[in-house]
Amino acid sequence: MEISETTNKLSERLDSIARIILFIVVFLLPLAVLPATWLPLPMVKMAILSFGVLSSLILWSIARLNEHKVEFPSTNVLWTALLLVVGYFLTSILSSNIIQSLVGFGFERDTVLSMFTFVGFLVVVALTTSKVAHVIRLQQAALAAFLILGIFQIARIILGADLVFPSLFSSDPTATLLGSWNDLAVFSGLALMMSLSGLALFSSRRLIRGGLYTILAVALFLLAVVNLTVVWAVLALITFILAIYIFSDASYDRDSGKFRPRVPFRRLLPSIFILIVSIVFLVAGTSIGQRISQTFDIAYIDVRPSWEGTVIVGTGVFQENALFGVGPNSFSRGWIAHKPLVVNETNFWNTDFNFGVGLIPTAFITGGLVLGVLWLLFLASFIQLGFRMFAKRIAQPAHMYIAVSSFVGAGYLLALSIVYVPQTVMLAYTFALIGIAIASAQIVGVIRTRSVQAQQSYSSGIVLTGVVLLIAVASFGALAINSERIVAGSLLSRAIVAANSNDLPRAEYIASRISLIGEDVRGLQLQTRIGLVRLSETLNEESKDIDIQRERFQQELSKTISAAQGTVAADNGNYQSWLTLADVYASLVPLGIEGAYESAVQAYGEAASRNEKNPAIPIRLARLALSQDDLEDAQVYAQSALGLKSNYTDAYYLLSQISIREGNVLKAIESTEAAVLLQPGNAGLLFQLGILHYSVGAYDKVVPVLERAIAINLQYSNALYFLGLAYDKVDNSQGALAAFERIAALNPENTEVQSIIAAITEGGSAFDALGDNAPVITGFGELPVSNEQ
């Protein structure tokens, strides 16, 4: 008897510790940040989540082994959640890049490792939360975290981000502790829903109601500032359902058991108010959002594939492998292969998106029908649980509150996962709230509790021990892998910080240590970039001993090529790996190193075969051909790039260079003018025409042509650059100054433009600042401003 009591006490103590850890995770996850540049925010969040969740699972497993008994809620939500992990694992081992799908190279949310952690959060919350007080404490932790975060964010918005802890994020007011400006709206919506549930269903204490109204006000302010349409839409739907439930509950006569319509104004008013506000923002959100953005000087653009783009990519992937997709954490490969070509005409032509329009639609592409159907089963199980919860008449206010608030909160986040891709914190909260909803359903009696005891039979003991040990071992393994990822990530960040500080030896040393921990392509990529810089430094240094300099160059060259080849070996299917190797060989071509040109062309060809729709690859080939005076091939490659992206400035600029090198400038001007007549709205053609006029010194013709190009594309930095130089040549210093000031506003980190502005302001010329760096169009250099389409 004493042994049994001791066993139970130990198990209860372990469960209690697990609950405390989960409480800390829920509270710290949105707030945690470390003021160190080598500890990026995603790494901090994933470290807290993985260590908290996985250690709690291990503690729960030890407790179950200790008492030889497992109790669990009988619900399909739990089983379908576990099947999701199995589905991710199955589709990963059948994918073309198993390591990327299983564990990834960083802190991705779509790997088997991440999904095991998220589902583990759901499971351990559902299995350790057994009382109303446990549910309320978890919700209090989330609301307290939101209130602290909300007040902090409002202070940065109103007082100025440059005054409130700028060292944490920089002076950008849209930077948040959540890692995403839009996730701030998602979190605000969640806090608002939980506050509404508390006001309508549970607390009548003045102090608590005051706190809930404060949270509601903070959430509403942040929702208005961020103004994310999908959040307003889901909020309108959920608050409408909540209002119906409140009305139905108030209209139920407990004595007679009949429905007698009654409007509980006090309980309904907050929900009706939020519903009206949501509808107003859905109807007039654009104009209201513009006024708010202007008032607080906030600008933020959320870029991800549209529904149409996601469906097009999914259709292409399904034609290749409908059953298993491209593999978890590999949406970018599907996007690269099947993206609509019209995307190349936008500013995001060179963006390799990691997700589609939403988290769940992305799963259909990365995991095919297997993963897609499992997600649908999971959603269907959750909806079924909701029907059962709302169909049951719950008498106790506390029970009603935890059941409704947990399901409404989880439903809100799940619905958003269909039309949005949440970051780590909100995705973790999604699974945690589903676990809380399961626990709440168990507490209020909607679902039964099943029990498996080792004493029941020999087979029961074997199954119980095997399953619990499997969970413990899997959790420990996931914890070890997460630890390795975190250490590798911190080393990579430290290496990048050292490289940005021009401490290349230290950066190279730290980057080399990453490969000692495990296979990580990021360290090899950084070593390659460092190697290219070291090669350039070695070539440019003045040395009295040529033999020593040559030997050092050979050593650096060998290390750089080895790192680039290692990148290809680690991630062979990624075109970026081949581009890295090709760039190394291309940098050796001007040095006349035998075989460098052929190796560069071959590597660029491998990159192109893995990304046939990227116009940047043929442009690199064109520049390579031009450096060898192969004008014919250079022109073919440039035209190929224009076939993929008709407004590609680099291609037009390079074609102008080819025409000039051929000595056919006047003929090129005539043909370009004819093309402009056919396509008067093509800013790229106008830019090419302006460059051709500039090359022959016809600056008076350059000005009107480039002014037309800028009128079509107001952010055309390279057109502004040459327009400014042309203004300078025709003695229009005010026009030149205005042009370069516009470039500076679009490209604040361009130091060359800043020096030109300073020279013109002091009464000088743009060419005084440029000196020998003035653009020579007869060469084959790149554009003066690089960060535009």
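The values are calculated or read from the model by the stated rules, or taken from the named source; none is laboratory data. These numbers come from a predicted model, not from an experiment. Here the Cβ is made from the backbone with ideal geometry for all residues, glycine too, and neighbour counts use every protein chain on show. Heads up: the accessible areas ignore ligands, DNA and RNA and are worked out on the full protein's heavy atoms, side chains in. Shrake-Rupley method; radii C 1.70, N 1.55, O 1.52, S 1.80 Å.
Data overview
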read-out: Single condition Ala395 does not satisfy, out of (1) under 21 Å from Asp110 (Cβ atoms); (2) among the small types (Gly, Ala, Ser); (3) open to solvent by 30 Å² or more (accessible area, probe 1.4 Å); value: (1)
read-out: Close pairs from the stretch 682-709: first within 13 Å of Ile669 (Cβ to Cβ), partner of a type in the set (S, T, N, Q) and assigned to a loop (DSSP other than H, G, I, E, B), Cβ under 6 Å, at least 6 apart; value: Leu685/Gln679
read-out: Every residue from the stretch 337-352 that is open to solvent by 50 Å² or more (accessible area, probe 1.4 Å) and among the charged types (D, E, K, R); value: Glu345
read-out: Helices (runs of 4 or more DSSP H) completely within the stretch 660-756 that count 2 or more residues being surrounded by fewer than 19 Cβ atoms within 10 Å (Cβ to Cβ); value: 665-678, 699-712, 733-746
read-out: Selection count where residues are under 18 Å from Gly386 (Cα atoms) and among the β-branched types (Val, Ile, Thr), scope the stretch 419-442; value: 4
read-out: Given (1) open to solvent by less than 10 Å² (accessible area, probe 1.4 Å); (2) more than 25 Å from Val533 (Cβ to Cβ); (3) not hydroxyl-bearing (Ser, Thr, Tyr), index of the condition Ile617 fails; value: (2)
read-out: Test for Ile360: is it touching a residue at least 40 places away in the same chain (Cβ under 8 Å), within 18 Å of Val317 (Cα to Cα) and crowded, with 19+ Cβ neighbours inside 10 Å; value: yes
read-out: Test: Phe296 is touching a residue at least 60 places away in the same chain (Cβ under 8 Å), among the aromatic types (Phe, Trp, Tyr) and closer than 20 Å to Ala185 by Cα; value: yes
read-out: Residues located in the stretch 25-67, provided they are assigned to a helix (DSSP H, G or I), without any contact (Cβ under 8 Å) to a residue 60 or more places away in the chain and open to solvent by 10 Å² or more (accessible area, probe 1.4 Å); value: Val44, Ile48, Leu59, Asn66
read-out: Residue check for Ser248: farther than 23 Å from Phe431 by Cβ, open to solvent by 40 Å² or more (accessible area, probe 1.4 Å), in a helix (DSSP H, G or I) and small (Gly, Ala, Ser); value: yes
read-out: Boolean, Ala499 is over 27 Å from Ile98 (Cβ atoms) and either at pLDDT 85 or above or out of contact with any Pro (no Cβ under 9 Å at 6 or more places or on another chain) (or both); value: yes
read-out: From the options Leu377, Leu341, residue that is of a type outside the set (Asp, Glu), more than 19 Å from the chain's Cα centre (by Cα) and farther than 30 Å from Val446 by Cβ; value: Leu341
read-out: Residue within the stretch 96-119 that is in contact (Cβ under 8 Å) with a residue 40 or more places away in the chain and within 20 Å of Leu464 (Cβ to Cβ) present; value: no
read-out: Ser490 being in contact (Cβ under 8 Å) with a residue 24 or more places away in the chain and more than 21 Å from Ala569 (Cβ to Cβ); value: yes
read-out: Residues of the stretch 293-350 satisfying the condition of being closer than 30 Å to Leu223 by Cα, assigned to a helix (DSSP H, G or I) and of a type in the set (Gly, Ala, Ser); value: Ser293, Gly309
read-out: Positions within the stretch 632-658 being assigned to a helix (DSSP H, G or I) and either open to solvent by 20 Å² or more (accessible area, probe 1.4 Å) or touching a Cys at 6+ places or on another chain (Cβ under 7 Å) (or both), in sequence order; value: Glu632, Asp633, Gln635, Val636, Tyr637, Gln639, Ser640, Leu642, Gly643, Leu644, Asp650
read-out: Residue identified as polar (S, T, N, Q) and over 25 Å from Asn718 (Cα atoms) among Gln628, Gln635, Gln639; value: Gln628
